[in-house]
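Engineer: My questions will all concern the structure given below.
Every number in this text was worked out from the coordinates using simple rules, so none of it is lab data. Quantities reported herein were computed from a predicted structural model and do not represent experimental measurements. Cβ placement follows ideal geometry from the backbone for every residue including glycine, while neighbour counts extend to all protein chains displayed.
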Amino acid sequence: MAAATPAPLGRPGCTTSCGNVSVPFPFGFGSPVCYWPGFNLTCDDTSGPRLLLGDGTLRVAEISLRNSTVRVIRTGSITGNADITSDRNVSFGGSFMDHGYMLSSTNELVLSGCNLLSTLQEDQGHGKSGVISGCASFCSFRTKKVDSIGQPAGKYCSGMGCCQAPINYLSSPIGVQLRWLDTGNHREALTFLPAYVFVAEEGWFDQRPVADEVLFKRRDFRDWPVPFVLRWGVKQGLPKLPDWPVNTTEVQRKPCPSEAQSKLCESENSVCTAEPIGYACQCKDGYDGNPYIRHGCQGVSIGIGVSSAAGFMLMVVAAIYMTKRFKHQREISLKKKFFTQNRGQLLQQLVSQRADIAERMIIPLDELAKATNNFDKARELGGGGHGTVYKGMLSDLHVVAIKKSKITVQKEIDEFINEVAILSQINHRNVVKLLGCCMETEVPLLVYEFISNGTLYHHLHVEGPKSLSWLTRLRVAAETASALAYLHSSVSIPIIHRDIKSTNILLEATMTSKVSDFGASRYVPIDKTGLTTMVQGTVGYLDPMYFYTGRLTEKSDVYSFGVILVELLTRKKPFSYFFSDGDGLVAHFVNLLAEQNLVQILDPQVIEEGGKEVEEVSLLAASCIKLTGDERPTMRKVEHTLERVLASMNYIKDDMVVSKIKDNETAANNTSSTMEWQNVQESSRRFSLEEEYLMSARFPR
């Protein structure tokens, strides 16, 4: 073998390391010729070589040209002193944002403490702030022992004593908000467990020694090194970046203008891409090194001494054959490993009671790879923080949707298997059918029937004055209620969906609704009334009592469904509709209904097309979103109410009733209706300050 010449890291005459950290161009320190404008670092020798970024509060641990990232170290909790007795807002992000960096989505928010809510915030312009991520951490002081928090294996925090929340997109944070969820001076809580907030690289807190240090107070965390990852791109001295759509994620790229390519990517074997954060260079396939400098991208040179061309060819053929064979054997080995790891044999046992289910439920990876053209990006239907959905066609010509989840923790696999076994036996016209799953990948793949007409959310929230007709909205609501009532009371083991929202209701071409996405669902043993779980759901739709207590019941789905009824009545988005007084959509709807002034918030199309049933559906929505679960109706009762409303409609608008609503007159003309109005007014008065905050709380799923 002939050794390849090492690829240069920086420009001639420039130092390319500080301590044990490599410093490749465009980064550098010292003379301005050694770095691109804006990428100057500091190599501090005062107490041993340390590479510093920005204002000097962040220490650089690693620079990646391939991923356009910098791994940095920050010391201590973002909120500083752990003895925090009142709500606190702390700035965070200036140390790197002011120098052109953004926070990578490979980080997470970590909170430790008792009965606290923490949110990572960003500036949305016009004086408004939004939430990037957030979570709540609770403690029970009954046992007075820290080990009573009972964290599970795998992901360390379940919401008791500490919590972890993903950062799902490239972001520019401005600060962290810490809010107490109970009253008092909080001394007992702080004695029990100090309050810390970290933005850290995913996986850092999952290491038992790190988490134990926090939860069992084994050291002062004010000086603890916390790693997190930043993204970078080059802007200075280059053409203006292309325009990007709103909410662009970091994975979206566009070709560079030729001027940017020639100025920035100096290596002959490099390519330039434009991203929302700036321009970046990469070495072409088959090359490695630094694309930002001349001759930086180099291929691997191999010299082989052989006596003849025939011998050389024989060696090449043998090498190709052995490589393919090794790759094939490795693929088979990985499939077997993942199948066992994912409890594939357990699944076979669970579904073996019915041969037809067993036969179709377990689908080989080769079949799904062929169906999606090896999970081609062109086949993607959509995705989010939990995974990607692909469109595919199976060998039997069935068009399907294949959900490929992100990495999960092992503790969830057994629950996943039980859910698959249950969902495979669900048969309801308004529930998306689970057709099968594949156990031969690191995270199991789920295969659903394909619904082609989009979601309720996208049909309802269109541009322009007209959306879905009032009759269609009622029919979708009734069908969704029927599906939830079936899940709660008609299957062998009741199922709580836990994430009912308009984006999880799919619509067929005939506008028939289908409840989808059971990734957060939980089943409840018949002898139990509920479950205590890690809080999970979607902003605006989440049951506040479930949020406070962690107690999940069927009435949590009822609350979320009530929010959907409000969404159908008002055509306003629950997660982004806020009023000047801070009220969210639900709180404002309840208040206006109690004042008999609902016309201020109703969708004009509903007023135009609806009749007296608008009042009845509004009262039904109000009963579903009562703060106490025991006061909410069952989904079966909700279903029967909506079916009766639909059956009574003769499609003739009742102008008298609409007129009364417009004039803010009392719309209830009988004793039963009067009692409903009294109940609504009472509910309105019960929205405390904390509960109103929950209605508008913003934290990720």
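Engineer: Please list, by residue number, everything in the stretch 43-58 whose backbone N is under 20 Å from a paramagnetic label point 7 Å out along Cα→Cβ of S17.
Structural biologist: Inside the label zone: 43-53.
Engineer: Of V131, V558, how do they rank once you tally other Cβ atoms within 10 Å and put the fewest first?
Structural biologist: With the fewest neighbours first, V131, V558 line up as V131, V558.
Engineer: I want the local charge near K391. Using Cβ-Cβ distances under 14 Å, sum +1 for each Lys or Arg and -1 for each Asp or Glu among the other residues. All intermediate terms of the calculation are to be shown ahead of the outcome.
Structural biologist: Details: positive: K370, K377, R379, K403, K404; negative: D376, E380, E449.
Neighbour charge sum, excluding K391 itself: +2.
Engineer: Local charge sum around I451 (other residues, Cβ-Cβ under 9 Å, Lys/Arg +1, Asp/Glu -1)?
Structural biologist: -1
Engineer: Now for a separate question. Fewest to most neighbouring Cβ within 10 Å: what's the order for E567, E442, E616?
Structural biologist: E442, E616, E567
Engineer: Please give the net charge around L487, taking every other residue with its beta carbon less than 10 angstrom from that of L487, where Lys and Arg add +1 and Asp and Glu add -1.
Structural biologist: Net of charged neighbours comes to -2.
Engineer: Can I ask one more? Would you mind pulling out the separation of the Cα centroids of the stretch 459-483 and the stretch 54-79, in Å?
Structural biologist: 48
Engineer: Given the pairs K263/K391; K466/K612; K404/K573; K403/K466; K235/K391, which span a C-alpha to C-alpha distance of over 30 angstrom in this model?
Structural biologist: Violating the 30 Å limit, Cα to Cα: K263/K391; K403/K466; K235/K391.
Engineer: Treat the count of other C-beta atoms within 10 Å as a stand-in for reagent exposure and order Y546, Y321 from fewest to most.
Structural biologist: Working: Y546 24, Y321 10.
By the 10 Å Cβ count, ascending, the order reads Y321, Y546.
Engineer: Sticking with the crude label model, points 7 Å out along Cα→Cβ, report the distance from N185 to S452 in nm, one decimal please.
Structural biologist: Using points 7 Å along Cα→Cβ, the separation is 6.8 nm.
Engineer: As an exercise, use a Förster radius of 25 Å and the Cβ-Cβ distance of V90 and W224 to find the FRET efficiency, rounded to the nearest 0.05.
Structural biologist: 0.90
Engineer: At 0.36 nm per residue, and after removing the present C-alpha to C-alpha distance, how many nm does the segment from A378 to A509 gain when stretched out fully?
Structural biologist: Details: separation 131, 0.36 × 131 = 47.16 nm, distance 2.27 nm.
That pair, A378 and A509, stretches by 44.9 nm at full extension.
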